[in-house]
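Presented below is the structure to which this report refers.
The values are calculated or read from the model by the stated rules, or taken from the named source; none is laboratory data. The structure displayed is predicted, hence computed values, not measured ones. Heads up, the Cβs are rebuilt from the backbone with ideal geometry, glycines too, and the neighbour counts pull from every protein chain shown.
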Amino acid sequence: MWLAPLKGEEREKLAAQMSAENASLQKRKDTWLWESRGQAYLVSGHKERAVELLQKMRMHTAMKQLSCSNSKDLLASKRYLEEKREIAFGKKLLGSRDFFVIAGPCALEEASSFAQQLKQLKRQGVRLVRAGCYKPRTSPYSFTGLEGKGYELLGKICREEGMFCVSEVLDERSLEEAAAFVDVFQIGARNMHNHSLLKKVARYEKKVLLKRGLCATYQEWLLSAECLLNGGCFDVILCERGIRSFCDEGRFTLDLQALCAMREKTHLPIIVDPSHACGKSAWVPSMAKAALAAGADGIMVEVHPDPASARCDGDQALTIQQFEKMHQDLGSLATALGRSIC
Ligand code: PEP
Ligand code: MN
């Protein structure tokens, strides 16, 4: 969705077109026109989103005297909307006091052990599950995921347990395959800059988890989110997953400062992935607690029933016992911080 104040000739032309078709705040193809205080705003995208935005605009307008009429403000920016975005998963809201612990294997490897693992995670209170179905790997000979049928398995098993799932999408084909089964589309770090993919993703009525690129600046990350918002997708969750640095231990370097910097810039919720940042399971619980203490809206961690035999990212996967211990510690910390874990 995009919104821009129209002036002069441009406005006259559109208004004429609209009135010829008897429209004031009306749909014309995929476009709505809203008039207020002598300015016209063009809104296009999904209808529901447009209505929601218009409602917000009205509120905002009343409070801010059209301070959001400056089309230079990014839709993802705090200047555009001050109110923090909350994204609903059942009754729980990501972006609120609830600290989301998203967990699951790097890749969905096999249905029955995955279903069993889900039950264990559910007992811990996990409601949003991660599992990759397309795994882009360094070597073409490594396990590359169960692909399309993986999404179907993931979606069905999660639904049976009443859980939500997030899984990475890579291209048009994977989007089509995942759409019916996956609750949240994940954009991997290596695809953050792929605006052509982001535009395609935005066309789906889905929540999106946007990982930060390995070498992306905050502004580049924000502009990738903008690409999604601009395309009609407002439920965007940012994920800090570690960046390249000169540190010679661990896989990447977790940039917790990103939480402070991005909070100042955007109304979108922000989570942290300590698994891909650290690359070592032993470091994950400390960084998970640090993320909670630093004000993240949640974490996403890799858990595997037997990390030593994992087909992907075993070194960074927690066992279920390690996960349970971390979950307990996070619970105590959350209480001290006036938050709750879900
Ligand atoms: C993942 O979460 O499965 C993944 C591949 O992460 P990233 O894109 O951050 O490397
Ligand atoms: Mn992984």
When residues of segment 314-324 are limited to those that are crowded, with 17+ Cβ neighbours inside 10 Å and part of a helix (DSSP H, G or I), the one nearest to ligand 2 (Cβ to nearest atom): 316
Enumerated helices (runs of 4 or more DSSP H) restricted to segment 233-306, each holding at least 1 residues that are closer than 20 Å to residue 191 by Cα and not charged (D, E, K, R): 257-265, 274-278
Residue match in segment 89-96 (condition: within 16 Å of ligand 2 (Cβ to nearest atom), buried (at least 21 other Cβ atoms within 10 Å of the Cβ) and either under 27 Å from residue 174 (Cα atoms) or without any contact (Cβ under 8 Å) to a residue 60 or more places away in the chain (or both)): no
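Kindly indicate whether residue 164 is more than 23 Å from residue 321 (Cα to Cα) and more than 15 Å from ligand 1 (Cβ to nearest atom). Show your work before the answer.
Numbers: more than 23 Å from residue 321 (Cα to Cα): no; more than 15 Å from ligand 1 (Cβ to nearest atom): yes.
When the stated conditions are applied, residue 164 does not pass them.
With the requirement that a residue be within 16 Å of ligand 2 (Cβ to nearest atom) and free of Cβ contacts under 8 Å to residues at least 40 places away in the same chain, what does segment 287-313 give you? Steps first, please.
Pass one, segment 287-313, residues within 16 Å of ligand 2 (Cβ to nearest atom): 287-288, 299-313.
Hits for segment 287-313 are 287, 306, 307, 308, 309.
Right, residue 239: more than 16 Å from ligand 2 (Cβ to nearest atom) and buried (at least 21 other Cβ atoms within 10 Å of the Cβ) or not?
Against the criterion (more than 16 Å from ligand 2 (Cβ to nearest atom) and buried (at least 21 other Cβ atoms within 10 Å of the Cβ)), residue 239 does not qualify.
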Answer residue from segment 191-216, given it is assigned to a loop (DSSP other than H, G, I, E, B) and within 16 Å of ligand 1 (Cβ to nearest atom) and is surrounded by the fewest Cβ atoms within 10 Å (Cβ to Cβ) among those: 215
Qualifying residue in segment 111-126 (condition: within 12 Å of ligand 1 (Cβ to nearest atom), touching a strand residue (DSSP E or B) at 6+ places or on another chain (Cβ under 8 Å), closer than 26 Å to residue 289 by Cβ and aliphatic (A, V, I, L, M)): no
Residue check for residue 172: surrounded by fewer than 17 Cβ atoms within 10 Å (Cβ to Cβ) and either within 14 Å of residue 303 (Cα to Cα) or modelled with pLDDT of 95 or more (or both): yes
Residue list for segment 253-282, restricted to those being more than 16 Å from ligand 1 (Cβ to nearest atom) and either small (Gly, Ala, Ser) or closer than 17 Å to residue 106 by Cβ (or both): 261, 282
Verdict on residue 135 being surrounded by fewer than 24 Cβ atoms within 10 Å (Cβ to Cβ), under 27 Å from residue 296 (Cα atoms) and touching a helix residue (DSSP H, G or I) at 6+ places or on another chain (Cβ under 7 Å): no
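Looking at segment 285-292, is at least one residue among the aliphatic types (A, V, I, L, M), away from ligand 1 (no atom under 16 Å from the Cβ) and surrounded by fewer than 18 Cβ atoms within 10 Å (Cβ to Cβ)?
So far as segment 285-292 goes, yes, one or more of its residues are among the aliphatic types (A, V, I, L, M), away from ligand 1 (no atom under 16 Å from the Cβ) and surrounded by fewer than 18 Cβ atoms within 10 Å (Cβ to Cβ).
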Close pairs (9 angstrom Cβ cut-off, 6 or more residues apart or separate chains): within 20 Å of residue 272 (Cα to Cα) in segment 194-215, of a type in the set (Lys, Arg) and assigned to a loop (DSSP other than H, G, I, E, B) anywhere: 211/241; 212/241; 214/241; 214/244; 215/244
